[in-house]
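**Q** Supplied in structure tokens, the structure appears directly below.
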Amino acid sequence: MGSRVRAQGLLGLLQDFVNTAEFLEGRETFQRPSDVARWLVVHQVADDGLVVEDAGLRQALALREALRALLLANNGGSVEPAAIHALNQAASASGLRVQLSPQGRPEIRPTGGGVDQALGKLLAAAFTAMSDGSFARLKACLAPECRWAFFDRSPNGRSTWCEMETCGSRHKMRTYRQRKKQTGAQ
């Protein structure tokens, strides 16, 4: 799904994480705790040997959907209080705190261990992107059946759909049919 070019760096990592659920295709990457562990290791967010239990699976799913809610807000929606609560819980569980790098630059780092630390790295990436302003360009498609995360590269930052050819066209067709129905009913 999504023919758009993937975001670079940490935003690309967040985009990949949110897109572990593909609603149009009915695909869920995180079906078992081991799926979360594998994804975190493959994407270099955790070291080999990470063990994820059922609670870690629930944490990953909650974080993913809270991030998706923020991406929907980046696309004109409102920020859900439940999403803010979930993100704050994840930040607390991972022990996020600001530390200085060896070069003297502030960095947000998790101090927890295991799955909390790995999910904290994702959250730190989101917070860093929010601080530098780049997070606003990471959005979720407004099509309720899609919600795919995409990076808005448009000059004015006003892209709405992950792909105009699919979700945008489907929306335009729905709107057209509704207008025709209302016109015909009068």
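**Q** Somewhere in segment 170-181, is a residue surrounded by fewer than 11 Cβ atoms within 10 Å (Cβ to Cβ), modelled with pLDDT under 95, among the β-branched types (Val, Ile, Thr) and more than 18 Å from the chain's Cα centre (by Cα)? Quick ask: steps written out before the conclusion?
**A** Initially, segment 170-181 is screened for residues surrounded by fewer than 11 Cβ atoms within 10 Å (Cβ to Cβ), giving 173, 175-181.
Cutting the leftovers down to modelled with pLDDT under 95 gives us 173, 175-181.
With among the β-branched types (Val, Ile, Thr) added as a condition, the list becomes 175.
Next cut, more than 18 Å from the chain's Cα centre (by Cα) only: 175.
The answer is yes, given that some residue of segment 170-181 is surrounded by fewer than 11 Cβ atoms within 10 Å (Cβ to Cβ), modelled with pLDDT under 95, among the β-branched types (Val, Ile, Thr) and more than 18 Å from the chain's Cα centre (by Cα).
**Q** Give me the residue from segment 118-159 that is charged (D, E, K, R) and touching a helix residue (DSSP H, G or I) at 6+ places or on another chain (Cβ under 9 Å) and, out of that set, farthest from Ile108 (Cα to Cα). Don't jump to the end; show me each part of the working.
**A** At the first step, the residues of segment 118-159 found to be charged (D, E, K, R) are 121, 132, 137, 139, 145, 147, 152-153, 158.
Restricting the remaining residues to those that are touching a helix residue (DSSP H, G or I) at 6+ places or on another chain (Cβ under 9 Å) gives 121, 137, 139, 145, 147, 152-153.
Working: Lys121: 8, Arg137: 21, Lys139: 22, Glu145: 34, Arg147: 28, Asp152: 25, Arg153: 26 Å.
So, considering only residues that are charged (D, E, K, R) and touching a helix residue (DSSP H, G or I) at 6+ places or on another chain (Cβ under 9 Å), the one farthest from Ile108 (Cα to Cα) is Glu145.
**Q** Go through segment 22-44 and report how many residues are under 17 Å from the mean Cα position of the chain (by Cα) and buried (at least 19 other Cβ atoms within 10 Å of the Cβ).
**A** Residues flagged as under 17 Å from the mean Cα position of the chain (by Cα) and buried (at least 19 other Cβ atoms within 10 Å of the Cβ) within segment 22-44 amount to 4.
**Q** Now a separate question. Can you name the residue in segment 25-72 that is assigned to a loop (DSSP other than H, G, I, E, B) and of a type in the set (D, E, K, R) and, of all such residues, is nearest to Ala118 (Cα to Cα)? Walk me through it before giving the result.
**A** Taking segment 25-72 and keeping what is assigned to a loop (DSSP other than H, G, I, E, B), we get 25-26, 29-32, 43-53.
Okay, now just the ones that are also of a type in the set (D, E, K, R), so 25, 32, 47-48, 53.
Numbers: Glu25: 27, Arg32: 17, Asp47: 9, Asp48: 12, Glu53: 13 Å.
Out of the qualifying residues, it is Asp47.
**Q** In the list Gln59, Gln31, which residue meets the criterion of being closer than 22 Å to Pro110 by Cα, touching a helix residue (DSSP H, G or I) at 6+ places or on another chain (Cβ under 9 Å) and polar (S, T, N, Q)?
**A** On the way: Gln31 fails: closer than 22 Å to Pro110 by Cα.
Result: Gln59 is the single residue among Gln59, Gln31 that is closer than 22 Å to Pro110 by Cα, touching a helix residue (DSSP H, G or I) at 6+ places or on another chain (Cβ under 9 Å) and polar (S, T, N, Q).
**Q** A further question follows. Is it true that some residue in segment 106-125 is free of Cβ contacts under 8 Å to residues at least 40 places away in the same chain, farther than 26 Å from Val42 by Cβ and within 16 Å of the chain's Cα centre (by Cα)?
**A** Step one: of segment 106-125, the residues free of Cβ contacts under 8 Å to residues at least 40 places away in the same chain are 106-113, 120, 124.
In the following step, the residues that additionally are farther than 26 Å from Val42 by Cβ were identified as 106.
In the following step, the residues that additionally are within 16 Å of the chain's Cα centre (by Cα) were identified as none.
No.
**Q** Within segment 135-155, track down each residue that is surrounded by fewer than 17 Cβ atoms within 10 Å (Cβ to Cβ) and either touching a strand residue (DSSP E or B) at 6+ places or on another chain (Cβ under 9 Å) or among the aliphatic types (A, V, I, L, M) (or both).
**A** First, pick out the residues of segment 135-155 that are surrounded by fewer than 17 Cβ atoms within 10 Å (Cβ to Cβ): 136, 144-145, 153-155.
If the condition is that a residue be surrounded by fewer than 17 Cβ atoms within 10 Å (Cβ to Cβ) and either touching a strand residue (DSSP E or B) at 6+ places or on another chain (Cβ under 9 Å) or among the aliphatic types (A, V, I, L, M) (or both), then Ala136 is the only one that fits.
**Q** From Leu63, Leu67, Leu87, Leu72, grab the single residue that is crowded, with 19+ Cβ neighbours inside 10 Å, over 18 Å from Phe30 (Cβ atoms), under 15 Å from the mean Cα position of the chain (by Cα) and among the aliphatic types (A, V, I, L, M). Reasoning before the result, please.
**A** Details: Leu63 fails: over 18 Å from Phe30 (Cβ atoms); Leu67 fails: over 18 Å from Phe30 (Cβ atoms); Leu87 fails: over 18 Å from Phe30 (Cβ atoms).
Every option except Leu72 fails the conditions.
**Q** Of these, Ser94, Ser101, Ser78, which one is at pLDDT below 95 and either under 29 Å from Phe23 (Cβ atoms) or touching a Pro at 6+ places or on another chain (Cβ under 6 Å) (or both)? Explain how you work it out, then say what you get.
**A** Numbers: Ser94 fails: at pLDDT below 95; Ser101 fails: either under 29 Å from Phe23 (Cβ atoms) or touching a Pro at 6+ places or on another chain (Cβ under 6 Å) (or both).
Of the residues listed, the single one that is at pLDDT below 95 and either under 29 Å from Phe23 (Cβ atoms) or touching a Pro at 6+ places or on another chain (Cβ under 6 Å) (or both) is Ser78.
The values are calculated or read from the model by the stated rules, or taken from the named source; none is laboratory data. These numbers were taken from a predicted model, which means no experiment stands behind them. Every residue, glycine among them, receives a Cβ derived from its backbone with ideal geometry; neighbour counts consider all protein chains shown.
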